[in-house]
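Novice: After the structure tokens below, expect a handful of questions from me.
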Amino acid sequence: MGQIGTFFDWLFNKPAGVLCLIVGGIIFFLIVSVVLERKTRKIYKNHEKSPEDWDLFDGDDDESGWSSFEDDNN
């Protein structure tokens, strides 16, 4: 089977190998996200929010309902 075949057998068929695969994937994507976030902050370091900018978590404290249209809230 060879050393590479034995490694892949361990990686995909043993619980410890699958756990290493999952943890390795999480660490890999964490490193990628940190690197991309740093690049983005370096490019847009002095960006102030303008009225055209949108925000996923909008800071408006509007308690009228889910929709911004009053007809939908009734």
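The values are calculated or read from the model by the stated rules, or taken from the named source; none is laboratory data. Computed from a predicted model, the values in this text were never measured in an experiment. In this analysis, Cβ positions are derived from the backbone assuming ideal geometry, glycine residues included, and neighbour counts consider all displayed protein chains. To get the accessible areas, we keep the full protein, side chains included, count just its heavy atoms, and leave off ligands, DNA and RNA. Shrake-Rupley method; radii C 1.70, N 1.55, O 1.52, S 1.80 Å.
Novice: Any idea which of Lys49, Lys39 is out of contact with any Gly (no Cβ under 8 Å at 6 or more places or on another chain), among the basic types (Lys, Arg), modelled with pLDDT of 75 or more and open to solvent by 100 Å² or more (accessible area, probe 1.4 Å)?
Specialist: Lys39
Novice: Which condition number does Glu63 fail, the rest of (1) modelled with pLDDT under 75; (2) open to solvent by less than 100 Å² (accessible area, probe 1.4 Å) being met?
Specialist: All conditions are met except number (2).
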